[in-house]
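Right, one structure below, let's go through it.
The values are calculated or read from the model by the stated rules, or taken from the named source; none is laboratory data. All figures in this text were calculated on a predicted structure; none of them were measured in a lab. Positions of Cβ are generated from backbone atoms using ideal geometry, with glycine treated the same way; all protein chains shown enter the neighbour counts. In case anyone asks, the SASA skips ligands and DNA or RNA and just uses the protein heavy atoms, side chains included. Shrake-Rupley method; radii C 1.70, N 1.55, O 1.52, S 1.80 Å.
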Amino acid sequence: EIAQRLGRLKNPYMAWDALPNTPRVCLKVPTGGGKTIIAAHAIKLVGDTWCEKENPLALWFVPADTIRRQTSEALKNPRHPYRQVLDEQFLGKVRIFDLDEKFNIRPSDIKENVCIIVSTIQSFVKLDTAKYNVYKDNENLDVHFDKMEATYFSGMEMRSENDRPKYSFANLLCYHRPIMIVDEAHKAVTDLNQTAQQRINPCAIIEFTATPQVNNNTLYNVRATELKEEEMIKLPIVLVEHSGWELAVDEAIARRAELEKEAEQDRDYIRPILLFQAQNKDKDITIDVLKKYLMESANIPENQIKIATGDQKELDTIDIFRCDEPTRFIITVEALKEGWDCSFAYVLCSLANIKSDTSVEQLLGRVMRLPYAKSRKIASLNKAYAYVVSPHFGEAAAAITEKLINKGFDDAEAQSSIQPDQSATLFAHPDINKVNIDTQIDRKDIPASIQIEKTDDGKNTLIFTNATTEEDIETVCTKMQPHEVFEIQWKFTNFKKADDTPSPASMGEKFNVPRLIFEAQNEFVFADPDMIFEQFDWNIAKYALPRLESNEFNIEESAGKGFFIDIDGNRLNYAMANKEQFTLPMSEVKTWTIANLVLWLDRTLKQEDIPQSQMIDWLRKNVEYLNENRGIKIASLMIAKYALLNKLQTKISDARTKARCESFDLFRRESRKMLDFERAFEFKAGMYDDQLFYQGKYKFKAHFLGNSKIPLIDGGETGEEFKCAQALDSNPKIKFWLRNVARHPSSFKLPTSTDNFYPDFIAMLNDGRILVAEYKGAHLLDSQDTKEKALIGEIWEKLS
């Protein structure tokens, strides 16, 4: 039953030993992905589909007391997006309690509202439960237990003097079986011992983390590139390395000033902020040394500088987003306080040892959030910037890559997210084709394309030439020390980029692809799937008959206190847990009627593209068929209303899919269609500068935007799509080609019945024709999706 509801997991599902029948899943969300707001949405979703309660109880675990207070304050604030999500889903019937307020919870709070208790896991893991608060007997909770039947005492800690449970908060949770929300689950889950798990007795566990462990049951992995596509984070990170700290500070200040000037052109208010990480007190570049340098050498006004440490908390009393707030520079040593989110933070300048200092990881996340969660028109405002001090050139890139992986990026994403600042690299290291090495090496061990010369101190310098290849670099690296290998590879990559031949786009080549348009209400509009469906008049009853047969939905009452529900052949065993869970909020049991059930279903299933009168009629006929034709009691339908709701939701979704397919078929066969050459898709230099770029060994020669501006290709260098790109790049009939990024506003797209279709590659042939190529694995050639994409491609082709 659990497996059916969870769906397919990449690895076998692993249950907790203490709670084998409690589903436990994890969502992997990188830094900046909005774990908290996803958690707010999850409570309603899990409450409806698993707990099947109008007002579920939720226990929300966070990793630290600081975050506990911040989370509870945000959830209590009616203007905060977290609370607005909950109010919208539960019609304002929401009560939030910090763990310190747990004894204020009344039975009416739980019965009439969704109640959320924010806590740390540490509050539940103490071994001496007799002294600890959540397990302690407290008379303030007696009203919850006075009328509780003995049937529900299982799993509770009992009193020694009678057969009644303790009036403890843990026992209250055990009775109500809360939804458990766990933030930073990779740290927290192992701390919750089996005894504590059993005492909380959760009905479901939803975990959130950027770095899940093997046993987390990861249900979905949000990739960092998806956050970039959704305009939530700044990428790439422009990295500049310096051997001297003063130059790093000066360039970081100059970059921030440049960003502020560019931000004045943005329609939203943005004040770029620079985060400085000073060194510890026992080092040279302390907070005092850095602040003095900023004020005396860089002429920064003191009111623009704030210090954020354990002792100096100058950020706590200000609203950083206010337009008249002067702060532009923040100095810290360790991490900023937990939960501090300021999307105006754009630049990080770290004077610490970036390789070993773990605080850099958190500070890096601070400069990655995109203001207003929306991509800015000025490209520089979509990037983050890092200025670091590093004794070995290239060492910082490896360190930041590792830290991004710790924040939920995969290896390829992390590597492609680091973009060396070309101008700064050339300025700081003018001999970009030279590498000084300590290793003593004979000339015969060096490929002829690499020169070697002696320095004044007797060491060697390697010099790349235009003839140097990747294979030559691999050969010489086998003779080097590890730190030299990275520097050689890094510098060679930059050398090749600096030597990159001009791209067709930069040379002024035109690359336009005509749009597919169709006639709608006497005018030609862009062929978009939603626009096509809007022209189609559909009725839910035509595509989903208002009747549920026994093989689709069935209820069988058992001899005990439970009953069985069959949905599409999957039998679910329902136990009569708490009677209040089965009542509708608008009525008592005596008013359980067809009309009330239909009204509840209509309110819960509300569909924007189905008129309410049509929906109510369809729902009424479904319920009447179950009650009158199949003889299922209305009381049974009321008790199983969530199972019925899920089945009807599936029928509506299936009906809409059928209708969309029919509307698309009608569009394909009968609508007037044309190609619009005047408002064509126009590919041009810089169009994908907001994407992550391929940085592998293979050098493409004919990409329209140039070898250094190729967006990532699915599967990387070992994937089949990469081989397809190589085939295009080497084809003599192709003048140039382009990697077409899915869901990007500048990309070429065609409609299908369900979504927009973004072909993988677009190419310009030497004879002026345009080639559109979509790569499919052989196992997908006969799928309906492939056939539909091929069909719409043929239509687009024939119209030209």
So if I check each of 751, 759, which one is surrounded by 14 or more Cβ atoms within 10 Å (Cβ to Cβ) and in contact with a strand residue (DSSP E or B) (Cβ under 6 Å, 6 or more places away or on another chain)? 759
Considering the stretch 299-317, residues that are open to solvent by 70 Å² or more (accessible area, probe 1.4 Å) and within 37 Å of the chain's Cα centre (by Cα), and then whichever is modelled with the highest pLDDT, we arrive at 303
Need at least 1 residues that are touching a residue at least 40 places away in the same chain (Cβ under 8 Å) per element, so show me which strands (runs of 3 or more DSSP E) inside the stretch 284-385 make the cut, counting only ones lying wholly within it. 329-332, 345-350
Is it fair to say residue 470 is in contact (Cβ under 8 Å) with a residue 24 or more places away in the chain, more than 34 Å from the chain's Cα centre (by Cα), surrounded by 15 or more Cβ atoms within 10 Å (Cβ to Cβ) and within 18 Å of residue 704 (Cβ to Cβ)? no
Would you tally the residues in the stretch 752-800 being assigned to a loop (DSSP other than H, G, I, E, B) and within 26 Å of residue 710 (Cα to Cα)? 12
If I filter the stretch 374-382 for residues that are at pLDDT below 80 and touching a helix residue (DSSP H, G or I) at 6+ places or on another chain (Cβ under 8 Å), do I get at least one hit? no
Among the residues listed as 120, 151, the single one being closer than 25 Å to residue 163 by Cβ and hydroxyl-bearing (Ser, Thr, Tyr): 151
How about the stretch 146-171: which of its residues are farther than 29 Å from residue 122 by Cβ and either assigned to a helix (DSSP H, G or I) or in contact with an Asp or Glu (Cβ under 7 Å, 6 or more places away or on another chain) (or both)? 150, 151
Unmet requirement for residue 141, which otherwise passes all of (1) of a type in the set (A, V, I, L, M); (2) open to solvent by less than 30 Å² (accessible area, probe 1.4 Å); (3) in contact (Cβ under 8 Å) with a residue 60 or more places away in the chain: (3)
Taking the stretch 180-199 as the search range and keeping residues that are buried (at least 24 other Cβ atoms within 10 Å of the Cβ) and under 17 Å from residue 18 (Cβ atoms), which one is modelled with the highest pLDDT? 180
Would the stretch 207-225 turn up any residue that is more than 23 Å from residue 38 (Cα to Cα) and of a type in the set (A, V, I, L, M)? no
Residue 259, sole failed condition from (1) of a type outside the set (Val, Ile, Thr); (2) modelled with pLDDT of 90 or more; (3) more than 27 Å from the chain's Cα centre (by Cα); (4) assigned to a helix (DSSP H, G or I): (3)
Tell me which residues, restricted to the stretch 575-621, are in contact with a Lys or Arg (Cβ under 6 Å, 6 or more places away or on another chain), open to solvent by less than 50 Å² (accessible area, probe 1.4 Å) and at pLDDT below 85. 581
Tally time: how many residues in the stretch 701-713 are in contact with a helix residue (DSSP H, G or I) (Cβ under 9 Å, 6 or more places away or on another chain) and either modelled with pLDDT under 90 or open to solvent by 50 Å² or more (accessible area, probe 1.4 Å) (or both)? 5
Within the stretch 152-160, is even one residue closer than 22 Å to residue 52 by Cβ and either open to solvent by 60 Å² or more (accessible area, probe 1.4 Å) or among the polar types (S, T, N, Q) (or both)? yes
Just wondering, is there one or more residues in the stretch 735-746 that are within 30 Å of residue 601 (Cα to Cα), in a loop (DSSP other than H, G, I, E, B) and open to solvent by less than 20 Å² (accessible area, probe 1.4 Å)? no
Just a yes or no: is a residue in the stretch 229-244 under 28 Å from residue 61 (Cα atoms) and open to solvent by 70 Å² or more (accessible area, probe 1.4 Å)? yes
Subset of the stretch 276-298 that is of a type in the set (S, T, N, Q) and open to solvent by 60 Å² or more (accessible area, probe 1.4 Å) - its residue that is farthest from residue 386 (Cα to Cα): 297
Give just the number: which of (1) of a type in the set (A, V, I, L, M); (2) open to solvent by less than 70 Å² (accessible area, probe 1.4 Å); (3) outside any helix (DSSP H, G or I) does residue 674 not satisfy? (2)
Within the stretch 622-658, considering residues that are in contact with a Leu (Cβ under 9 Å, 6 or more places away or on another chain), in a helix (DSSP H, G or I) and open to solvent by 20 Å² or more (accessible area, probe 1.4 Å), the one nearest to residue 543 (Cα to Cα): 651
